[in-house]
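A short write-up of the structure that comes next.
What follows is calculated from the coordinates using simple rules that are stated; it is not laboratory data. Only a predicted model underlies this, so the values are computations on that prediction, with no experimental measurement involved. Methodologically, a virtual Cβ is constructed for each residue, glycine included, from the backbone with ideal geometry; neighbour enumeration extends over all protein chains shown.
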Amino acid sequence: MIEESQVLGLVESFVKAWKKSKHEDPYYTHRYVKSVELFRDIEIHAKGLFPEKLIGKNAPSETDEELEWRKLAYAAQTKAPWSRLENAVGSIYHGVDVSTEDEDFARYLVEDYPEYTGLKEWFAEVALPAKAQDANAVVYVTLTRPPESDVEFVEPVARIANSPQVIDLSRNYALLLVAMDAPVKRGRDMAYEGLVFSAFDEVNEWRITQVGRKEDYVFEASIYYNHNLNHIPVYQLKGKPVVEHGELIWESLFQNVTPYLDKVAVTSSTLDAVIRRTGFPIRAYYDEDCDAEGCTDGWVLNAEGHRDKCNVCKGTGKKAFTPFTDYVHQKPTGMMQDSKVDFPGLTYISPDNAPRSSWMPT
Ligand SMILES: [Zn+2]
């Protein structure tokens, strides 16, 4: 059982790691770091996030500008197959029944369950997809809000804490980061960004909430509710067990597909870059000043005597061509009539199809 005098001490070393991490995943225990890594490996595909680390590894000498372009153009190709997998995994649970002897409680689980149609639906839509993604995640049982009196009917709910939230799991207690929305002071303003932890033992759920100024990391603790279950209501989702440095870590049953999904993500982003670079032949032409009426270095005087951007050259002061515009030469006149025009003023160069140097390992 957690004693009141110990509660605040539980979060100390994690908060220290958190402060150091500056928006990255904190470097905490081996179990924590490894679980978060496994979770992030799948998360990029499950959520369709831009795989910045993967791209960085595969194209180490690309410029920041090129990386930025990849980010903007990124279309997650691996998200749809992953959500098909989630649907398939979730559908296993349809047809399974949740039953209890207590009629009131049975009605609560099947009809009145908060936020979802029922606990069963929650398993199909949330718990099983979460298990496919993050085997080190936990289900914990908490209340939607603490009861105001002993006779009040409480609403127990199951919630998921993903690996980045699962701080410590020991024989005597479980420590989870359950929210990041406690009111704290940031400068003169209030910001809802404070850390909120739950510590569970076999009788209580404690809440450890950040207070005061955001950068001070001061916490207050109190009992959230007294569950008296005689066990810790926090359960790992589990998958394939792997022992590393003497610690048990779970791998998702689908962890092995990540190298294939990674390859699709990197290759499709690279293919987009190749199309952009070499899909059109490279045009070479002399830089010429914009010849729109009144345009000087991209600016045109308007009727009020103010300067507006030239809407032909968009303020660049230079002639511009899209791949679809023609390059038109002025017909020679007067004395020049018989002289030859330097032709072509515009030429196409077939693109270099050798591997780009930026993709080669450094
Ligand atoms: Zn112009």
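Have a look at L175, N311, L8 and report the one farthest towards the positive end of the charge dipole of the chain, computed about the Cα centre with Cβ charges (Lys/Arg +1, Asp/Glu -1).
N311
Using 0.36 nm times the number of residues separating K71 and K47, minus their current alpha carbon distance, what extension gain do you get? Walk me through the numbers on the way to the answer.
Working: separation 24, 0.36 × 24 = 8.64 nm, distance 1.48 nm.
The span from K71 to K47 would gain 7.2 nm if fully extended.
Two decimals is fine: what's Rg over Rh for the chain, C-alpha atoms, Kirkwood radius as Rh?
1.17
Given +1 on the Cβ of Lys and Arg, -1 on the Cβ of Asp and Glu, and no further charges, what dipole in debye does region 95-178 carry about its Cα centre, rounded to the nearest 20?
Once rounded to the nearest 20, the dipole reads 600 debye.
Compare the Cα positions of A265, V243, T278 along the charge dipole of region 236-297 (+1 at Cβ of Lys, Arg; -1 at Cβ of Asp, Glu; about the Cα centre) and return the one farthest towards the positive end.
So the residue we want is V243.
Among W18, W299, W69, whose mean-square fluctuation peaks in a Gaussian network model of the chain (Cα, cutoff 10 Å)?
The residue with the greatest mean-square fluctuation here is W299.
I need the calculated FRET efficiency for the pair H245 and E12, taking r as the beta carbon distance and R₀ as 22 Å, to the nearest 0.05.
Once rounded, the FRET efficiency stands at 0.45.
Calculate the dipole size of the chain relative to its Cα centre from +1 charges on Lys and Arg beta carbons and -1 charges on Asp and Glu beta carbons; express the result in debye to the nearest 20. Don't skip to the end; give the middle numbers.
Numbers: 40 positive and 57 negative charges, 311 e Å.
The calculation lands at about 1500 debye.
GNM on the chain, C-alpha springs below 10 Å: top fluctuator among K22, K47, K263?
In the Gaussian network model the winner is K22.
In whole Hz and in residue order, list the ³J(HN,Hα) couplings for region 208-216 that follow from phi through the Karplus curve 6.51 cos²θ - 1.76 cosθ + 1.60, θ = phi - 60°; x for Gly and Pro.
10, 10, 6, 9, x, 7, 4, 6, 8
At what distance in angstrom do the alpha carbon centres of region 1-51 and region 242-309 lie from each other?
32
Using alpha carbons only, how many angstrom separate the centre of region 159-222 from the centre of region 75-117?
28
Mind checking which of A191, C295, A137 is farthest towards the positive end of the chain's charge dipole, using Cβ charges of +1 (Lys, Arg) and -1 (Asp, Glu) about the Cα centre?
Positive-end residue among those listed: C295.
Let me have the 222 nm mean residue ellipticity of the chain computed from DSSP H runs of 4+ only, each contributing -39500 (n - 2.57), with the sum over all residues rounded to the nearest 500.
Dividing the helical sum by the residues of the chain leaves -9000 deg cm²/dmol.
Where in region 148-183 does the amide nitrogen come within less than 11 Å of the point 7 Å from the Cα of N228, taken along Cα to Cβ?
What the label zone holds, given the 11 Å backbone N cut-off, is 150-151.
Consider just the alpha-carbon atoms of region 71-118 and return their Rg together with their Dmax, both in angstrom.
Both quantities, over Cα of region 71-118: 17.6, 55 Å.
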